[in-house]
Amino acid sequence: MAGRMVVGATALSAVAAGLVRPASEPDPAGGHRLLPVVPELTALLPNRGLRRGTTVAVSSGRPARGGGSSLVLALLAEASRAGSWCAVVGVPTFGAVAAADAGIALDRLALVPHPGPEWATVVAALIDGVDVVVAAVPPGLAPSVATRLAARARQRGSVLVPYGPWEGADVTLQVMRGMWEGLGQGRGRLRRREVTICARGRGAAARPKEVKVWMPGDGATRAGGAPHPVRTGGPRPASRRAALTLVGGTA
């Protein structure tokens, strides 16, 4: 499975402008302000989908509980199936096979596994031309950089999905706990994992909610229980074509 390599921020911008539908361009289906998500996640989002211009962070918490990468795949799957372009920055372990199995169209997926010191430039360039941008948050990211990228997503109509700690997100999704299924009496194969996802944020998302889902489940996530507020106090087979791989670096 060969990828297409593009080096440098300038080349990256050219690729985003030339190959990807501008994020601000209306969706042909008419729902251009809201990108769909799998039904199990709709109750966690204020608009029951990914609203363009918002920042939806994914955090595994501290200590890391795992399940974050599966949650990212679940967030992207329905929008990708509906025709949106997606990008994943700074996650070298992101698997194309797992993405395809989740329903993500690889011919509309851009990967930047190693953005290097140009991380912010790469993310900004993708925000200009990609519908959903997942970006692993590098250690020590300046709050001012995070604020500028969130503002750029609002302006361009892209959905920014920081993967890691991110202050000020419209919604933060966090895997709280999980339990594997598949092992019998000490033998068998791990088949799926039931995870509890918590959502909290600002405005309409200020009231935390939790939902249990199976990941990866039988071809897709499956609800393990009805979503409820937290007390405070058969998808189409995806294309197997190679993902577009973008490598940031010095031009």
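Here ASP101 passes the criteria (1) surrounded by fewer than 24 Cβ atoms within 10 Å (Cβ to Cβ); (2) modelled with pLDDT under 95; (3) within 12 Å of the chain's Cα centre (by Cα) except the one numbered (3). Looking at segment 151-172, which of the residues that are surrounded by fewer than 21 Cβ atoms within 10 Å (Cβ to Cβ) and closer than 23 Å to CYS198 by Cβ is nearest to the chain's Cα centre (by Cα)? Step by step, filter segment 151-172, then rank; the result is GLY164. Each residue in segment 112-130 was checked for being in contact with a strand residue (DSSP E or B) (Cβ under 6 Å, 6 or more places away or on another chain) and surrounded by 24 or more Cβ atoms within 10 Å (Cβ to Cβ), and 6 of them qualify. Checking ARG177, ARG240, ARG231 one by one, the residue that is part of a strand (DSSP E or B), charged (D, E, K, R) and modelled with pLDDT under 80 is ARG177 and no other.
The set of residues in segment 130-147 that are in a helix (DSSP H, G or I) and within 19 Å of the chain's Cα centre (by Cα) comprises ALA146, THR147.
For the residues GLY61, GLY30, GLY18, GLY3, the requirement of being surrounded by fewer than 18 Cβ atoms within 10 Å (Cβ to Cβ), at pLDDT 50 or above and more than 18 Å from the chain's Cα centre (by Cα) singles out GLY18.
The values are calculated or read from the model by the stated rules, or taken from the named source; none is laboratory data. Fair warning: this is a prediction, and the values are worked out from it, not measured in the lab. Cβ sites come from the backbone with ideal geometry, for glycine too, and all protein chains shown count toward neighbours.
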